[in-house]
Amino acid sequence: MKEQNNLEEVQGNIENTMETNDLFSILVDISKDLIFVLNQEGFFDFVNENGARILDYHSNELIGKHFFDLVGEKDKSEVSSAFQEILASGNIINFSSNLKAKFGDHVWFNISASPIKRNNKIEGVIAIAYDVTKADKEGKRIKDLTTKLLESNRIISIERDRARQKISILEELNKLKNDFISNISHELRTPLASIVGFAETIDTDDELSSDKVKEFNKIILDESKRLAKLIEDVLDLSKLEGEKETLDKEKFDLVVLLKNLMSDFKELAGIKNINYSVKIPEAEIIINADKERISKSFSNLISNAFKFTEPGGRVTVIVQDFLREAEIIISDTGIGIPQDELQFIFEKFNKVETQAKKTKGSGLGLVTVKKIIDLHKGLIRVKSEENKGTTFIIKLPKLI
């Protein structure tokens, strides 16, 4: 009776084992992952069919093939370390590796491997490998898209800043335009008011003396000239800035031009009782420039020197001949320019105002001078101290 029970127990164990094996076989067959068994030497003893197909093999083609024959060169060191750890610890180890497919492609796997033990002796390794190639590609694609997104955002940010800058420039230009219109209107209105006022007085006042009529006519004439000069300056600057008028360049001797120009101011120096000295070399200095505009620029600067210098003061013009350029220095001992206004003297309608004197003029003279010097590839600088005088330094390239 006891022997019968033992036999039934053995048969039951066999049936249970068979049932377990059947379930394992079914699980292996339906699995989409790579399931394999390696012997102690690392050769395939078993590979499921679905897993083999991932590598373009049939399962029987992989049996007897060494696992390291499929491992990518870059991953062999890491895989070797993983298997050594499995053998040493007897634990489940997770690692990743590229496995080479039959037709040369590489498939990226995350692998979980466990030792096979019998009587506490490791006889092989069973593993399941998850194909993460698509996930890896998607990850790389996402990373690439993220990088491109960051670059796009950076470009968008740069373009946005450019747009803001352009808007800012447009706003500034619009402000400058409005300021220009406001300033030019004011500059036109001032002489016109004088002309209209004195003309009306002459026209309506029959008892006005001849001396007064002469005086008022003189004012009308001066203001008319001032108005004509303003209009001429505006048109001239507009042409220069809009490049509508090219420079009429010619070769000429700068020394001759400056000597003729200097002599024109001798009478003014005597009238204003100003010490006027000129130091110009005798040797010729040939430049290629617009003679009329260069002459106008120096005439403007010298006129300003006399205008802002009180009687008893000094105006000096010095010309120096260097190897590649000529340097012209126009200096005076006049009212000078306050330090906080120096940076604005080449801006339109800027007028120097000091405690000693408020200047008259269009505020376009120095702007035009700088524009002419710039167009000739020259340089203009200014040094000044209030109530002590001003010095303009102009450098022009010579014709070598």
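The values are calculated or read from the model by the stated rules, or taken from the named source; none is laboratory data. Note that this is a predicted model, so its numbers are computed, not measured. Using ideal geometry, Cβ is built from the backbone for each residue, glycine included, and neighbour counts are taken over all protein chains shown. Side chains are part of the model used for accessible areas, which takes the heavy atoms of the whole protein and leaves out ligands, DNA and RNA. Shrake-Rupley method; radii C 1.70, N 1.55, O 1.52, S 1.80 Å.
Only residues that are surrounded by 19 or more Cβ atoms within 10 Å (Cβ to Cβ) and either under 28 Å from the mean Cα position of the chain (by Cα) or under 27 Å from Phe252 (Cα atoms) (or both): list them for the range 374-394, please.
His376, Gly378, Ile380, Phe392, Ile394
Quick one: is Thr359 modelled with pLDDT under 90, among the hydroxyl-bearing types (Ser, Thr, Tyr) and surrounded by 15 or more Cβ atoms within 10 Å (Cβ to Cβ)? No: the conditions fail for Thr359. Of all residues in the range 34-85, those that are touching a strand residue (DSSP E or B) at 6+ places or on another chain (Cβ under 7 Å), in a loop (DSSP other than H, G, I, E, B) and surrounded by fewer than 19 Cβ atoms within 10 Å (Cβ to Cβ) total 6.
So, restricting to strands (runs of 3 or more DSSP E) that lie completely within the range 242-296, which ones have at least 2 residues that are charged (D, E, K, R) and within 49 Å of the chain's Cα centre (by Cα)?
249-253
Any chance the range 125-141 includes a residue that's among the charged types (D, E, K, R) and touching a residue at least 24 places away in the same chain (Cβ under 8 Å)? Scanning the range 125-141, I find at least one residue that is among the charged types (D, E, K, R) and touching a residue at least 24 places away in the same chain (Cβ under 8 Å), so the answer is yes. The residue of the range 172-206 that is least open to solvent (accessible area, probe 1.4 Å), among those that are of a type in the set (D, E, K, R) and modelled with pLDDT of 75 or more, is Asp205. Checking Val367, Val319 one by one, the residue that is in a helix (DSSP H, G or I), closer than 30 Å to Ile400 by Cα, modelled with pLDDT of 80 or more and under 42 Å from the mean Cα position of the chain (by Cα) is Val367 and no other. Listed by first and then second residue, the pairs with beta-carbon distance under 6 Å, at least 6 apart or on different chains, first residue in the range 254-267 and in contact (Cβ under 8 Å) with a residue 12 or more places away in the chain, second open to solvent by 90 Å² or more (accessible area, probe 1.4 Å), are Val255/Glu284.
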